[in-house]
Amino acid sequence: MPLLDLPLEKLYAYEGRNPKPADFESFWDQSLAELDAIDPQVRLEPVDLGVSAYECFRLWFKGTHGADIHAKYVRPKGARNRPTILQFHGYTWHSGEWSDRFGLAGEGYCVAALDCRGQSGLSTDPGGNVGNTHNGQIIRGVEGPPENMYFRNVYLDTAMLAKVVAQFEEVDPERIGAMGGSQGGALTLACSALANIKMAAPMYPFLCDYKRVWEMDLAKGAYNEIREHLRRRHPNHTEAEAFWTKLGYIDNQHLAPRIRAKTLMAIGLMDDICPPSTQFAAFNKISAEKEAVIYPDFGHEGLPGWNDRLYRFFSAL
């Protein structure tokens, strides 16, 4: 078969290239302590869509740096002690249509779909701006204290979402799952590492093993800001290793050992957006029960049968 990346047997043994900061574990422990100290000031605003089987709400809560974080929340009417699924969207996008939640809600799940701060949904970035900032989010904050890095705070937003919904009386806090593709896959991994998630289904996760992406000459598209940062700030690469190490704070391969959720990951071996080896760098570090679903001829695109398989997977939640 054609190869974009390493042969499959080597992918299952691959351990990643991007360095891990020496204080990585204490950094995330302190970040979670910071999150615990935040009063989320939860608000639920009912939304009338004219449906009879579900209740729909705009869920608002406070995140780090005072951000107002929004999620679409759908629950079956009369729900009590139900399993719940958190949904995370792709890079620069938003939580999608309300009706995107109805299939799962029809099976008895409560569903919360996050709007990432500073992207195309309603969540605000720390400056209070609404809307899509699009470029530079991977590297935002990379030249300052790591607690100011954009994706550090988005990862904490996912953990706060899990914490918030776990307090709802209709939610069983021991039966929370997470899912998403690309950026959503990355946030599924991060949320599972930082919160009490029982089952996780990331599809071709983004935000893994940054240095490997660059070495494969695939720092393009969503990863292009890495190339541009190196060209503009480190043209001779004299400080490049410090740059890669700083990105290590938000590298999901380093968060992956914290995951305790049963994990089902979809990986396309022809993915030239999020190369397979970068995804395996995270997958191989998960010590919980896990399975990789391999699509040999597919890239960063719709994967046949995956959505149906998700229903079977989460039926055990």
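Quick notes on this one:
- Pairs are defined by a Cβ separation below 8 Å, a sequence spacing of at least 6 or placement on different chains, a first member in the range 158-169 that is part of a loop (DSSP other than H, G, I, E, B) and surrounded by fewer than 22 Cβ atoms within 10 Å (Cβ to Cβ), and a second member that is aliphatic (A, V, I, L, M) and modelled with pLDDT of 95 or more; the pairs so defined are Gln167/Val42.
- Cross-chain or 6+ apart pairs with Cβ under 7 Å, the range 271-290 first and free of Cβ contacts under 8 Å to residues at least 60 places away in the same chain, then crowded, with 24+ Cβ neighbours inside 10 Å and hydrophobic (A, V, I, L, M, F, W, C): Ile286/Ala256; Ile286/Ile259; Ala288/Ile259; Ala288/Ala261; Lys290/Phe283
- Here Arg152 does not fit the description of being free of Cβ contacts under 8 Å to residues at least 12 places away in the same chain, under 23 Å from Ala256 (Cα atoms) and either in a loop (DSSP other than H, G, I, E, B) or within 17 Å of the chain's Cα centre (by Cα) (or both).
- Close pairs (7 angstrom Cβ cut-off, 6 or more residues apart or separate chains): acidic (Asp, Glu) in the range 187-200, in a helix (DSSP H, G or I) anywhere: none
- Pairs with Cβ under 6 Å, 6+ apart, first in the range 213-237 and free of Cβ contacts under 8 Å to residues at least 24 places away in the same chain, second of a type in the set (A, V, I, L, M, F, W, C): Trp214/Ile226; Ala219/Val213; Ala219/Ile226; Arg227/Ala219; His234/Ala240
- Within the range 49-119, strands (runs of 3 or more DSSP E) holding 3 or more residues that are touching a Gly at 6+ places or on another chain (Cβ under 8 Å) and either closer than 26 Å to Asp308 by Cβ or not aromatic (Phe, Trp, Tyr) (or both): 68-76, 82-88
- Here Lys246 clears all of (1) touching a residue at least 12 places away in the same chain (Cβ under 8 Å); (2) surrounded by fewer than 24 Cβ atoms within 10 Å (Cβ to Cβ); (3) more than 21 Å from Arg152 (Cβ to Cβ) except the condition numbered (3).
- Screening Ile69 on (1) of a type outside the set (Asp, Glu); (2) closer than 30 Å to Met149 by Cα; (3) surrounded by fewer than 12 Cβ atoms within 10 Å (Cβ to Cβ) shows it passes everything except condition (3).
- For the range 105-120, the set of residues classified as touching a residue at least 40 places away in the same chain (Cβ under 8 Å), surrounded by 19 or more Cβ atoms within 10 Å (Cβ to Cβ) and farther than 23 Å from Ile273 by Cα consists of Ala105, Tyr109, Cys110, Ala112, Ala113, listed by residue number.
- The range 20-48, residues that are part of a loop (DSSP other than H, G, I, E, B) and in contact with a Ser or Thr (Cβ under 9 Å, 6 or more places away or on another chain): Lys20, Pro21, Ala22, Ile38
- Qualifying positions in the range 260-317 - assigned to a helix (DSSP H, G or I) and of a type in the set (A, V, I, L, M): Ala281, Ala282, Leu310
- Among the residues of the range 225-239, those that are assigned to a helix (DSSP H, G or I) and surrounded by fewer than 16 Cβ atoms within 10 Å (Cβ to Cβ) comprise Arg227, Glu228, Arg231, Arg232, Arg233.
- Qualifying residue in the range 182-190 (condition: more than 12 Å from Leu264 (Cα to Cα), modelled with pLDDT of 95 or more and more than 11 Å from the chain's Cα centre (by Cα)): no
- A single member of Lys220, Lys198 is touching a strand residue (DSSP E or B) at 6+ places or on another chain (Cβ under 9 Å) and of a type in the set (Lys, Arg), and it is Lys198.
- Qualifying residue in the range 258-267 (condition: out of contact with any strand residue (DSSP E or B) (no Cβ under 8 Å at 6 or more places or on another chain) and hydrophobic (A, V, I, L, M, F, W, C)): no
The values are calculated or read from the model by the stated rules, or taken from the named source; none is laboratory data. Because the structure is a prediction, the values reported are computed rather than measured. In this analysis, Cβ positions are derived from the backbone assuming ideal geometry, glycine residues included, and neighbour counts consider all displayed protein chains.
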